[in-house]
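Remarks on the structure that follows.
The values are calculated or read from the model by the stated rules, or taken from the named source; none is laboratory data. Every value quoted in this text rests on a predicted model; they were computed, and no experiment measured them. All Cβ positions, even for glycine, are placed from backbone atoms using ideal geometry, and neighbour counts span all protein chains on display.
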Amino acid sequence: MTDRTAASGPGGGPPPAPGDAGDAARDREWSLAELARAYAYPEPAPDGPRPWLRANMVSTLDGAAQHDGRSQPISTATDMRIFGTLRGLADVVVVGAQTVRMEGYRPARARAEFAGPREAAGQGPAPAVAVVSAGLDLDFSLPLFTSPLVPTLVLTGAAAAPDRVAAARRAGARVVVAGDGTGVDPARAVRALAGLGHTRLLTEGGPRLLGQFVAAGVLDELCLTISPMLTAGDAQRITGGPSVAVPHRFALASLLEEEGFLFARYRRP
Ligand SMILES: NC(=O)c1ccc[n+]([C@@H]2O[C@H](COP(=O)([O-])OP(=O)(O)OC[C@H]3O[C@@H](n4cnc5c(N)ncnc54)[C@H](OP(=O)(O)O)[C@@H]3O)[C@@H](O)[C@H]2O)c1
């Protein structure tokens with residue numbers, strides 16, 4: 001992988017790497033520790049940590065966020081390494097129920113490479129997964145709910161069906177109410193997670209959920225993999241839902257490249 005950040009300005013630049021100063025810019029496989037440095041969350045503010053919501057998404061050149069209903073066909077091994085690194089840095093992974101259903105989500109695993117840094121950062125062995133759902137039409141007998149390393153959270157509204165809420169709790173999930181109706185208010189979800197001590201937030205979409213975080217103005221960072229593929233068709237983009245009144249401008253923080261895949265990181269200025 002090669003660092004193409006050079007002109008991206010503050011926040012960019014290669015992480016310290018072994019060897020000479022140009023080492024990070026050369027095409028070679030980066031260790032997970034180097035990736036973790038490159039994708040580190042911002043340092044907590046002096047008056048205490050504030051939530052930082054980062055999204056990680058992959059898109060083809062023509063804007064498709066999936067192929068045949070999944071993101072795997074448009075991804076690559078390095079994209080999955082970055083995906084794993086971002087999980088290794090996060091307190092919680094926030095994901096829409098449809099992505100859980102379509103991608104067959106399993107609990108996040110503890111990885112030896114991140115054990116030390118996670119402990120030092122006061123984090124559990126793996127991020128919690130927080131599933132956002134109004135209907136709670138989820139299979140609560142799945143390992144995601146019954147046997148995660150850290151309890152899976154279910155974010156839903158106060159008016160969600162009580163029997164489904166009870167089923168989630170019976171399975172071992174922690175139900176967090178973040179909306180007055182059946183649905184979740186995106187900004188309230190961020191606050192609720194922060195209230196539980198989860199400030200390093202990572203959302204893996206899907207597009208319908210991410211669009212709501214964007215519209216609510218609570219997305220701080222987008223880690224976007226641009227896959228050098230064209231798919232045509234009518235696949236979703238990485239965000240869905242109603243458009244915002246004025247486009248939200250983000251600034252490029254870093255840009256890595258490997259075999260035509262671009263791994264960009266944009267931040268809210
Ligand atoms: N390219 C990528 O990086 C990427 C990433 C993730 C997913 N994907 C793809 O995207 C597709 C799925 O994404 P999607 O956009 O259709 O769905 P999604 O955003 O993953 O999930 C939508 C579901 O989340 C729940 N939800 C969303 N907003 C909610 C709110 N405000 N309150 C309560 N519940 C809410 C609802 O669940 P209930 O129906 O249970 O109420 C809704 O049906 C899959 O094909 C997946 O492969 C691609």
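Computed quantities for the displayed model
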{"read-out": "Residue count for segment 236-247, restricted to those that are surrounded by 13 or more Cβ atoms within 10 Å (Cβ to Cβ) and either in a strand (DSSP E or B) or out of contact with any Gly (no Cβ under 6 Å at 6 or more places or on another chain) (or both)", "value": "3"}
{"read-out": "Hey, ARG54 within 24 Å of GLY241 (Cα to Cα) and either within 13 Å of the chain's Cα centre (by Cα) or without any contact (Cβ under 8 Å) to a residue 60 or more places away in the chain (or both) or not", "value": "yes"}
{"read-out": "Qualifying residue in segment 251-263 (condition: within 11 Å of the ligand (Cβ to nearest atom) and either buried (at least 21 other Cβ atoms within 10 Å of the Cβ) or not in a loop (DSSP other than H, G, I, E, B) (or both))", "value": "no"}
{"read-out": "Unique residue being within 18 Å of ARG87 (Cβ to Cβ) and part of a strand (DSSP E or B) when the list is LEU210, LEU201", "value": "LEU201"}
{"read-out": "Unmet requirement for ARG188, which otherwise passes all of (1) within 15 Å of the ligand (Cβ to nearest atom); (2) outside any helix (DSSP H, G or I); (3) more than 23 Å from GLY104 (Cβ to Cβ)", "value": "(2)"}
{"read-out": "Segment 149-166, residues that are within 13 Å of the ligand (Cβ to nearest atom) and either part of a helix (DSSP H, G or I) or among the acidic types (Asp, Glu) (or both)", "value": "ARG164, VAL165"}
{"read-out": "Qualifying residue in segment 140-148 (condition: over 25 Å from LEU32 (Cα atoms), near the ligand (Cβ under 10 Å from one of its atoms) and either assigned to a loop (DSSP other than H, G, I, E, B) or not acidic (Asp, Glu) (or both))", "value": "no"}
{"read-out": "Members of segment 57-76 that are near the ligand (Cβ under 7 Å from one of its atoms) and either without any contact (Cβ under 8 Å) to a residue 24 or more places away in the chain or within 26 Å of PRO269 (Cβ to Cβ) (or both)", "value": "MET57, VAL58, SER59, ALA65"}
{"read-out": "Test result for GLU103, among the acidic types (Asp, Glu) and either more than 10 Å from the ligand (Cβ to nearest atom) or touching a Leu at 6+ places or on another chain (Cβ under 9 Å) (or both)", "value": "no"}
{"read-out": "From the options VAL190, VAL176, residue that is crowded, with 17+ Cβ neighbours inside 10 Å, modelled with pLDDT of 95 or more and within 16 Å of the chain's Cα centre (by Cα)", "value": "VAL190"}
{"read-out": "Checking GLY211 against (1) within 11 Å of the ligand (Cβ to nearest atom); (2) farther than 30 Å from ALA77 by Cβ; (3) without any contact (Cβ under 8 Å) to a residue 60 or more places away in the chain; (4) surrounded by 18 or more Cβ atoms within 10 Å (Cβ to Cβ), the condition it does not meet", "value": "(2)"}
{"read-out": "Members of segment 188-213 found to be touching a helix residue (DSSP H, G or I) at 6+ places or on another chain (Cβ under 9 Å) and among the hydrophobic types (A, V, I, L, M, F, W, C), listed by number", "value": "ALA189, VAL190, LEU201, LEU202, LEU209, PHE213"}
